[in-house]
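Data block below; observations after.
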Amino acid sequence: MAQRVALITGGGKRIGAATVSLLMDNGWFVFIHVRNSIAEAEEVLNVFEQQNSSKAPAEILQADLNSDEELEALIQTVRSHHIVQKNGGLHALIHNASIYSSQDYESVSLENLRLNNRLHIEVPFRLTQGLLSPLREGQGCVIGMIDTSLGRAWKGLSQYTSSKAGLRQLMMNLAGDLAPEIRVNCVAPGAILAADWESEHFASVVEKVPLGRVGEPIDVAKAIHFLLESTYLSGQIINVDGGWSVSP
Ligand SMILES: NC(=O)c1ccc[n+]([C@@H]2O[C@H](COP(=O)([O-])OP(=O)(O)OC[C@H]3O[C@@H](n4cnc5c(N)ncnc54)[C@H](OP(=O)(O)O)[C@@H]3O)[C@@H](O)[C@H]2O)c1
C-alpha cells in the first residue's frame, strides 16, 4: 500500500524533530532536511527504532539552503527519489528552516536582511516550485512555518518579522495559485522554545499568554499534522500560541 511522503526543512531538532517523530508515528515516510544537525536527526531515528523495533521510515538529506547549488540538488534528490515515485508523489512539504536573531534596526546589515529573506521567502518559493510535479501527483499540502508577529512591533526583529510576513503572504497566494491539486496553509507558533539569546524576553512574553505557559514542540507538530490530514483546509493559518495573539 502507498505510504504518504513528507519533506520537512530544518527537521533535525526542536520543533522540526517533534514533527518528524509525530509523522513517523502516524505512518508517514519523512525526508528530514538538515544543514548541521545530522547527529540530532539520527537520534530522532534511533528513538523511533528503539520504540518500534523497526527501521525508521525516514531519510536524512543535507543541504545549506543558502546555497543555490545545494537547494537545487535537494530538489532533484526528492523529485527523482524511488520513495516518491513508488508512493505516488510528495504528500507534504513543510517549510520549517529558519533563522532568528535580534539586532538594533540601525545595525542590521544588508547581508543579514538578505539571509532572512533568502531562508524565509526565496527558499520556500523555489523549493515549492521545484517540487510542484510530485506535489501535484500526491495532491500534497504545503505548510509555511510563520509566527504571531504580523501587525505587531517586535523590537530588534524587523529583518525576521518582515521576512516571515513575506512567507505568510507567499503561502496565501499559493493557496490560490496551486489549487485544486495542492493545498497550502501556515502554522504560526507563539512562545514555544526560546532561542539562546532571548530567555529574559521569553519570560516576559509568557506573562502575556492567556494559557499562562509556554507551548511544547508537540503542540506545534499536532497542528501541522491536523492540517496535513484535513483535506478541505487550504489558505488557513493556525496560531499555536496559547491565545497570545488575541491577548490585549
Ligand atoms: N521556537 C519557537 O518558539 C517559534 C516561535 C515562532 C515561530 N517559530 C517557527 O517555527 C519553526 C521551527 O522553530 P524552531 O525554533 O524549532 O526553529 P530553529 O531551531 O530556529 O531552526 C530550524 C532549523 O533551521 C535550519 N537552518 C537554519 N539556517 C539554515 C540554512 N542556511 N540552511 C538550511 N537549514 C537552515 C537549522 O538546521 P540545522 O540545525 O540542521 O543547521 C535549524 O535547526 C521556524 O520556522 C520558526 O521560525 C518558532
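Readers should treat all values here as calculations from the given coordinates under stated rules, not as data from a laboratory. Bear in mind that the values here come from a model prediction, so they are computed numbers and not experimental data. Here the Cβ is made from the backbone with ideal geometry for all residues, glycine too, and neighbour counts use every protein chain on show.
Table for the structure above
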{"item": "Relative contact order (percent, whole number), the chain, Cα cutoff 8 Å, 6+ residue spacing", "result": "19 percent"}
{"item": "Neighbourhood net charge (15 Å Cβ-Cβ; Lys/Arg +1, Asp/Glu -1) for Ser102", "result": "-3"}
{"item": "Mean Cβ neighbour count within 10 Å, used as a protection proxy, ranking 219-228, 20-29, 74-83, 5-14 highest first", "result": "5-14, 219-228, 20-29, 74-83"}
{"item": "Sites matching trypsin sites (Lys or Arg not before Pro) across the range 108-172 that sit in DSSP coil, with at most 14 neighbouring C-beta atoms within 10 Å", "result": "Arg152, Lys155"}
{"item": "Length added when fully stretched, Trp154-Arg136, from 0.36 nm per residue minus Cα-Cα", "result": "2.8 nm"}
{"item": "Cα-centred dipole magnitude for the range 118-248, charges only on beta-carbon of K, R (+1) and D, E (-1), debye, nearest 20", "result": "280 debye"}
{"item": "Most positive-pole-ward Cα, Val209, Ala92, Ser37, against dipole of the chain from beta carbon charges", "result": "Ala92"}
{"item": "Helical mean residue ellipticity (222 nm; -39500 (n - 2.57) per DSSP H run of 4+; nearest 500) of the chain", "result": "-13000 deg cm²/dmol"}
{"item": "Ordering of 47-55, 170-178 by packing [mean C-beta count within 10 Å, highest first]", "result": "170-178, 47-55"}
{"item": "Relative contact order, percent, the range 112-241 [alpha-carbon distance under 8 Å, six or more residues apart]", "result": "29 percent"}
{"item": "Sites Leu115 and Gln76 - FRET efficiency at Förster radius 30 Å, r taken between beta-carbons, to 0.05", "result": "0.80"}
{"item": "Extreme residue, positive dipole direction of the chain, given options Thr231, Gly243, Leu110 (C-beta unit charges)", "result": "Thr231"}
{"item": "Within a Gaussian network of the chain (alpha carbon springs, distance under 10 Å), most fluctuating of Ser149, Ser204, Ser234", "result": "Ser204"}
{"item": "Simple Cβ-charge dipole of the chain, Lys/Arg +1 and Asp/Glu -1, about Cα centre, in debye nearest 20", "result": "620 debye"}
{"item": "Selection of GluC sites (Glu not before Pro), the range 174-248, meeting DSSP coil and at most 16 other Cβ within 10 Å", "result": "Glu181, Glu207"}
